[in-house]
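*Asks:* Submitted below is the structure of interest, expressed as structure tokens.
The values are calculated or read from the model by the stated rules, or taken from the named source; none is laboratory data. As the structure is a prediction and not an experimental result, all values here were calculated from the model. Glycine gets a Cβ as well: all are built from the backbone with ideal geometry, and neighbour counts include every protein chain shown.
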2 protein chains.
Amino acid sequence: MWFQSAFREIYMSAFRYARRAEVLGDSVYDHAPGAIVLSSGLAYPPHLPDVVREAMEAARDHGTQTLQYGPLMGLEELRDEIVRFVAQDGVSCDRENVLVTYGAKSALDLACRIFVEPGDRIIVAAPTYMTALQIMRAHEAAFLDISQDEEGLDADELETQLERLRKNGERMPKLMFDVPDFHNPTGITMSENRRRRLVAMAEHYGFIILEDDPYRRLRFEGEAIPPLKSFDENGHVIALGTVSKILAPGLRVGWAIGAKEIVDRMAMQKADGGTNPFSQHIVADLMRSNKMSKHIDDLSAEMRLHRNAMVEGFAEFLPDAKVRKPQGGYFLWAELPEGTNAEAVAARAVELGVEVSDGRLCFPNETSRNHLRLAYSFVDAKTIRKGVRLLGQAYDELKAQA
Amino acid sequence: MWFQSAFREIYMSAFRYARRAEVLGDSVYDHAPGAIVLSSGLAYPPHLPDVVREAMEAARDHGTQTLQYGPLMGLEELRDEIVRFVAQDGVSCDRENVLVTYGAKSALDLACRIFVEPGDRIIVAAPTYMTALQIMRAHEAAFLDISQDEEGLDADELETQLERLRKNGERMPKLMFDVPDFHNPTGITMSENRRRRLVAMAEHYGFIILEDDPYRRLRFEGEAIPPLKSFDENGHVIALGTVSKILAPGLRVGWAIGAKEIVDRMAMQKADGGTNPFSQHIVADLMRSNKMSKHIDDLSAEMRLHRNAMVEGFAEFLPDAKVRKPQGGYFLWAELPEGTNAEAVAARAVELGVEVSDGRLCFPNETSRNHLRLAYSFVDAKTIRKGVRLLGQAYDELKAQA
């Protein structure tokens with residue numbers, strides 16, 4: 001656990017680290033060898049796209065742009081493709097509003113760099129995306145955590161909390177982070193009313209919403225709801241996007257769409273010489289051709305099978321758990337009966353050969369002890385079924401002991 | 001100027017930025033259209049490598065690694081190549097000591113993330129690499145700036161300053177940043193004695209040296225001196241490397257070599273989903289084959305011609321300037337006569353069609369007003385000669401006015 005190792009290092013290391021180094025701990029995470037991985041939103045290997053032609057083209061174009069330093073904002077041809085891509089969702093923006101980044105994670109980090117001072121509060125759902133929490137923690141952010149209902153982040157609860165802070169003269173939050181479509185980890189998709197209300201609250205209370213939307217195009221059924229960004233009239237929403245979940249994470253291409261003033265400042269914080277233009281060229285090529293939309297259709301069909309296998313697996317092997325069937329995305333959130341120690345279940349599951357995430361990692365402050373987060377993206381439907389069976393076995397064993 | 005725009009934004013923006021956003025300003029730098037660029041260490045386009053074969057191989061290998069999320073530390077095959085590459089310089093390390101990053105800039109940023117609290121002092125030469133200063137400023141670092149002599153950063157002056165800080169009970173520096181080979185901007189190569197002494201001082205005073213070494217292999221004459229890292233026995237040196245200057249900046253692959261404890265913590269701070277594995281695969285391929293070393297030989301021969309053209313250009317067109325002929329690297333540092341306003345010379349030069357950097361950007365605190373930094377990497381020898389002629393014309397005009 002990170003807090004134990006941080007404690008150890010303070011006393012043992014010869015080096016004087018900054019506080020943020022202690023917050024994140026000292027050891028790089030690795031998957032348990034040989035285990036069925038249901039813990040991470042990895043890409044499904046058989047559906048990674050064939051980019052041989054695009055890679056060759058990128059290499060051939062080297063004299064002009066792909067092997068030279070690229071512009072900090074990103075390649076113009078890619079930014080224009082992104083403008084067209086989000087226009088399909090009702091987001092209207094220009095090239096100058098688009099900043100290319102190393103995935104949505106890097107965009108989140110750049111936003112934190114320009115807005116977050118240590119101790120600044122960020123509004124998040126509880127639970128929320130675990131890696132986003134780590135990135136925000138690295139900036140020594142504090143969290144204002146708000147529950148979700150079936151319509152998404154609870155706006156009434158948020159309003160009550162914000163009014164309380166205002167009355168007490170406390171520092172008001174500068175940012176909100178949320179995943180409105182197929183929420184990671186809960187799978188909830190936010191209603192349109194809720195989206196409109198949160199955008200209005202962002203304006204009223206003066207915070208910026210970071211709308212993280214990696215899964216939007218992976219919808220298995222039901223109607224899409226316009227992004228929060230489409231309701232934003234005064235630059236209070238930054239839309240974060242990525243091709244990691246719809247093409248390939250290894251290309252490391254994502255984006256932030258926001259007010260020019262904001263994305264320019266985010267660009268200035270890039271300490272990486274600008275996002276890899278070689279990959280950007282490949283992605284622009286894939287977006288421009290029919291290849292990406294075709295790929296998304298195929299992948300959605302496959303992910304639907306994965307989702308079904310996991311939901312059915314729970315019904316069969318772990319019926320004590322409450323699960324919400326997500327209409328898209330990569331993740332399933334499982335609530336075990338009150339009093340169950342999800343961490344112990346996950347630990348036993350690894351021994352049996354399946355890796356899932358303890359839900360506690362998804363909570364910013366108060367943690368719930370009886371949740372698991374599962375991803376159905378990485379392994380095929382048959383293996384998912386086997387993984388859930390082993391998880392059920394782990395749960396049954398611990399239940400019998402209790 | 002950044003301080004003016006920061007001032008303006010504080011009053012005009014609707015958004016509440018963090019301090020570090022104000023430090024870096026709000027506008028992304030662009031080259032003057034049509035100008036001969038002698039201001040940036042860009043790659044020489046005719047010598048960018050042909051990576052078509054390697055790019056195809058990377059795409060074909062997609063099922064296994066290049067299109068999936070890569071390991072935070074970097075691909076093992078690339079880390080092993082880097083171990084072999086630095087062994088040629090006398091640096092002995094293992095795979096576990098190597099962290100792959102988006103160029104040396106990103107490695108510097110990660111080191112700042114784990115070591116620098118706002119107000120922490122970093123030891124730097126004055127002048128030093130301007131972009132490194134910006135990255136360190138983004139972490140709200142303060143600077144302890146030390147002069148250089150012909151042997152590199154002045155160790156006597158540093159010792160005096162450190163003893164003064166210690167006696168006054170002030171916060172001691174945690175980091176030193178320097179470019180010992182073909183220093184950016186001065187072109188000075190640090191002597192072996194100086195290297196040994198600085199490593200000993202790092203141990204004695206408990207700071208970490210960030211040895212930024214992008215230009216080492218681009219030596220035109222004279223004998224190479226072992227890196228500081230080769231004299232480091234207790235993990236007080238982090239060696240930063242990159243393929244930006246010896247292969248292609250667009251690949252965005254660099255590294256940090258340090259104590260396992262340190263590079264692990266740096267990896268934890270990556271907020272970008274890990275360095276692009278597609279590019280890593282291409283670079284590993286180029287390092288493994290004979291292609292990279294052949295490329296470095298050709299590029300060095302070309303850069304030698306560029307350097308000669310620039311030095312000769314100064315002798316002919318700007319003899320008032322004192323320049324030091326660098327034995328390698330990309331940069332030339334020109335000292336104009338006392339009282340010359342280098343900023344005005346650079347501004348007039350842009351009007352005449354050549355872009356050079358005002359040396360003030362290279363100073364952390366006290367600035368000298370009569371220096372220019374020039375890069376000879378990007379344009380050919382003939383264009384360099386023309387550029388220096390135009391610069392000489394700008395200087396002559398301003399001298400005549402004065």
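*Asks:* From the set of residues in the range A:125-137 that are touching a residue at least 60 places away in the same chain (Cβ under 8 Å) and assigned to a helix (DSSP H, G or I), which is surrounded by the most Cβ atoms within 10 Å (Cβ to Cβ)?
*Replies:* Only one residue tops the list, namely A:A132.
*Asks:* Those residues that are within 8 Å of chain A (Cβ to nearest Cβ) and either of a type in the set (K, R) or assigned to a helix (DSSP H, G or I) (or both), I need them from the range B:97-111; list them, please.
*Replies:* B:G103, B:K105, B:S106, B:L108, B:D109 - these are the residues of the range B:97-111 that are within 8 Å of chain A (Cβ to nearest Cβ) and either of a type in the set (K, R) or assigned to a helix (DSSP H, G or I) (or both).
*Asks:* Okay, moving on. Counting just the residues of the range B:112-124 that are in contact with a His (Cβ under 8 Å, 6 or more places away or on another chain) and assigned to a helix (DSSP H, G or I), which one comes out surrounded by the most Cβ atoms within 10 Å (Cβ to Cβ)?
*Replies:* In this case the residue turns out to be B:C112.
*Asks:* Give the range B:20-54 a look and list any residue that's among the charged types (D, E, K, R) and modelled with pLDDT of 85 or more, or say none.
*Replies:* Selection gives B:D50, B:R53, B:E54.
*Asks:* Restricting the search to the range B:138-168, which residues are surrounded by 17 or more Cβ atoms within 10 Å (Cβ to Cβ), in a helix (DSSP H, G or I) and modelled with pLDDT of 95 or more?
*Replies:* B:A155, B:L158, B:Q161, B:L162
*Asks:* In the range B:152-208, what residues are more than 23 Å from B:E140 (Cα to Cα) and without any contact (Cβ under 8 Å) to a residue 24 or more places away in the chain?
*Replies:* Selection gives B:D154, B:D156, B:E157, B:T160, B:E163, B:K167, B:A200, B:H204.
*Asks:* Cβ-Cβ under 9 Å, sequence separation 6+ or interchain: first residue in the range B:39-67 and aromatic (F, W, Y), partner surrounded by fewer than 20 Cβ atoms within 10 Å (Cβ to Cβ) and modelled with pLDDT of 95 or more. Which pairs?
*Replies:* Filtered contacts from the range B:39-67: B:Y44/B:E302; B:Y44/B:D380.
*Asks:* Could you name every one of the helices (runs of 4 or more DSSP H) located completely within the range A:219-324 that has at least 3 residues being polar (S, T, N, Q) and more than 9 Å from chain B (Cβ to nearest Cβ)?
*Replies:* A:291-317
*Asks:* Right, here's the next one. Here is a list of conditions, (1) surrounded by fewer than 24 Cβ atoms within 10 Å (Cβ to Cβ); (2) among the small types (G, A, S); (3) on the phi > 0 side of the Ramachandran plot; (4) within 23 Å of the chain's Cα centre (by Cα), and A:G273 meets all of them except one; can you say which number that is?
*Replies:* Among (1) surrounded by fewer than 24 Cβ atoms within 10 Å (Cβ to Cβ); (2) among the small types (G, A, S); (3) on the phi > 0 side of the Ramachandran plot; (4) within 23 Å of the chain's Cα centre (by Cα), A:G273 violates only (4).
*Asks:* Going through the range B:101-153 one residue at a time, which ones are β-branched (V, I, T) and farther than 20 Å from B:L228 by Cα?
*Replies:* B:T101, B:I114, B:V116, B:T131, B:I135
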